[in-house]
Amino acid sequence: MLELFSDHRQGVLVFGALLGFAYGAFAQWSRFCLLRGLQHFWYQRDGRKLRAFALAMATALLCSQSLQLIWGVDLSQSLYMQRAPSFPLLLLGGILFGVGMSLANACGARSLVLAGSGNLRAWVVLLILGLSAYMTLSGILAPWRAELEGLTRIQLNSAHLPQSLTQLGLPTRLSHLLPTFTFSALLCFWALKSAELRQSPRDWLGGIIIGLLIALGWAITGLIGADDFDPVRLASLTFVAPIGESLQYLMLASGMPASFSITLVAGILLGSATRALLSGEWNWEGYSSVPQMQRGLLGGLCMGVGGVLALGCTLGQGLTGFSTLAWTSFPALFGILLGARLGLNYLARNPL
Amino acid sequence: MKGSLRPLGLSLCIATVVLASSWTFAQPPLPNLAALQQAITQADALETQGLNLNLPLVAEDGSAVPLKVQFNAPLAEGEWITQLRVFASGNPNAEVIDFEPSAAISQLEFSSRIRLSESQDVYVLASSNQGRQWLASRQVRVTLSGCLMSGDEDTTQMGMSQPRIALPRQAQAGKPAEIRTLINHPMETGFRETASGETLAASLVDHLVISRAGETLLRVKFYTGTSANPFVSFFLDQQDQLTFTWTDDQGQQIQETR
């Protein structure tokens, strides 16, 4: 099959677009969303969407770790594996991201899916998010970010949980299998004990498929993208930096190569639009008031800055980062949950 | 009054256009770069046509910027390119990489990955065996990016390892085809410090020689501006019985024959 492409990079680009298309279509269909899940769980006692997210976490973890153990995709080459991370910034970034997604009423991944189905609010949030992400990554905020990172970084003995277990004396294989099975079993048990979720295939099936797509992303960059001379950077579904990178690509395409993340973002917009048009769910929507727009813009800004500090969004750290069992994912995910709680509480007390 | 000013405005416009176009057709101003100026033998006869330097406009990872040098200007009978030298004006050491082809190489297209410490102009200077020289340049913006500040582990004990050579998959006889090579090596510059403030000693792969039956086809010289794990790709008409020899600054050698 790979003979169809002129080189491995082109293969990664095409498969990245297909992966994005699949994610866009399935996420549009299942309305997969951590924010909505938390909101329903905390304020409406409806745990289906949150349990669907837990199921996606379990699937992503199980499949990504199998990919590592059976096909040798070295997840320790991914961005989440840092030997000297800055935990305060990861936590702060997570909180900012969580607050931002509550204010904007959707996280980065969800905004992409909504943008594909005619939601103009999501387009505005995406533009601000991409801009502020690159401001923090390489723009005017970058020197401060680097300075803060330098001040707060802590040297760890290991970059991920299995490595720590190995250092405690467990055999390598067991130290991967033990946390993988423990976490997936706990998450699956919690998700599936709810009869409501079991009766809602849109939620449980959506969660499982999205978990599988995470592993597929690792397979595309880690197996198709593997090359002795010019390996593609290992990555899977994540949205903060890729949205910024896509905006940059639109402006600088003559002097910069396309990448997996760019075709992924384009694929999601197309996939979501296709599914929305086919199902008749396409709907033009915009802001109805100035305060709503203020919240959307501020939310996008917080998500862009926070997402870069936390190394990812709800999907990027919650599913993709978590599936590698990297130490950086735990404070980031905790920060996102905490921020979402703060943001949603604020919204509940100050309805528009 | 208004009418009398109009011709003046028009002629000013024309003058600006003429001036601007004469600027673009003139020789590029020579950079103030000692290493490059030393390598230029006849500054007034520098040519620009036919020499291309390919680099991204924006590089997010200054530690490995993909570089491609191509040369296809017409040459006289018995004339060939002996050197293609790459210089980076903003690096602590301006020399980046040198390609020294022999007359046996017909398609002059070389790729590698280089280090750029900041936004700057990169130059390539080509010289022929008859003393003609070409110069091309390109500006690259290097941005600060996260996730790239890899740890400060001491790499000075790591020597060369794992040489890799990829011959073209479907080569047609007599047609130039691309050969890619890579060797693992940290290419320690001697500028880097550990967390405790000690300077790490320089350790470099010095050069790579590609030869057939004792005859050198291509020599590539590496400097601190060459990325870790030096990668070189080039084109050859005939791809058999090749010997690849990497030599590091300690005189250690690794040899592979294909």
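The values are calculated or read from the model by the stated rules, or taken from the named source; none is laboratory data. Every value quoted in this text rests on a predicted model; they were computed, and no experiment measured them. Ideal geometry is used to build each Cβ from the backbone, glycine not excepted, and the neighbour counts take in all protein chains shown.
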Point to revise | Count of segment A:69-99 residues which are part of a helix (DSSP H, G or I), among the small types (Gly, Ala, Ser) and either within 14 Å of chain B (Cβ to nearest Cβ) or more than 19 Å from the chain's Cα centre (by Cα) (or both) | key: 2
Review point. If you go through segment A:223-238 one residue at a time, how many are within 12 Å of chain B (Cβ to nearest Cβ) and either closer than 19 Å to B:ARG180 by Cβ or surrounded by fewer than 20 Cβ atoms within 10 Å (Cβ to Cβ) (or both)?
Key: 6
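Looking for whichever is buried (at least 18 other Cβ atoms within 10 Å of the Cβ) and in contact with a Lys or Arg (Cβ under 8 Å, 6 or more places away or on another chain) here; the options are B:VAL58, B:VAL124. Which one fits? Give the steps one after another, and end with the answer.
Values: B:VAL58 fails: buried (at least 18 other Cβ atoms within 10 Å of the Cβ).
Step by step, each of B:VAL58, B:VAL124 is checked, and only B:VAL124 is buried (at least 18 other Cβ atoms within 10 Å of the Cβ) and in contact with a Lys or Arg (Cβ under 8 Å, 6 or more places away or on another chain).
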Exercise for review: Could you pull out the residue among B:SER117, B:SER21, B:SER11, B:SER106 that is surrounded by 15 or more Cβ atoms within 10 Å (Cβ to Cβ) and modelled with pLDDT under 95?
Suggested key: B:SER117
Practice item. Could you list all residues from segment A:137-157 that are among the polar types (S, T, N, Q) and surrounded by 16 or more Cβ atoms within 10 Å (Cβ to Cβ)? Key: A:SER138
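When residues of segment A:181-203 are filtered for being of a type in the set (Lys, Arg) and touching a residue at least 40 places away in the same chain (Cβ under 8 Å), how many remain?
Of the residues in segment A:181-203, the ones of a type in the set (Lys, Arg) are A:193, A:198, A:202.
Within this subset, residues satisfying the condition of being touching a residue at least 40 places away in the same chain (Cβ under 8 Å) are A:202.
Counting residues in segment A:181-203 that are of a type in the set (Lys, Arg) and touching a residue at least 40 places away in the same chain (Cβ under 8 Å) gives 1.
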**Study point:** Residue in segment A:187-207 that is nearest to the other protein chains (Cβ to nearest Cβ), counting only those that are loosely packed, with under 15 Cβ neighbours inside 10 Å and in contact with a helix residue (DSSP H, G or I) (Cβ under 8 Å, 6 or more places away or on another chain)
**Key:** A:ARG202
Point to revise | Residues of segment B:41-61 satisfying the condition of being modelled with pLDDT of 85 or more and more than 11 Å from chain A (Cβ to nearest Cβ) | key: B:LEU46, B:GLU47, B:THR48, B:GLN49, B:GLY50, B:LEU51, B:ASN52, B:LEU53
Review point. Is it the case that some residue within segment A:85-99 is at pLDDT 90 or above and surrounded by fewer than 19 Cβ atoms within 10 Å (Cβ to Cβ)?
Key: yes
**Study point:** Residues located in segment B:157-196, provided they are within 14 Å of another protein chain (Cβ to nearest Cβ), among the small types (Gly, Ala, Ser) and either in contact with a His (Cβ under 7 Å, 6 or more places away or on another chain) or part of a loop (DSSP other than H, G, I, E, B) (or both)
**Key:** B:ALA195, B:SER196
Exercise for review: Considering (1) over 19 Å from A:SER329 (Cβ atoms); (2) assigned to a loop (DSSP other than H, G, I, E, B), say which one A:ALA22 fails and leave the rest.
Suggested key: (2)
Practice item. Output the qualifying pairs, or none if there are none: Cβ atoms under 7 angstrom, residues six or more apart or on different chains, first residue in segment B:199-217 and of a type in the set (Gly, Ala, Ser), second residue assigned to a strand (DSSP E or B). Key: B:ALA201/B:GLU188; B:ALA202/B:GLU188; B:SER203/B:GLU188; B:SER211/B:LEU217; B:SER211/B:THR243
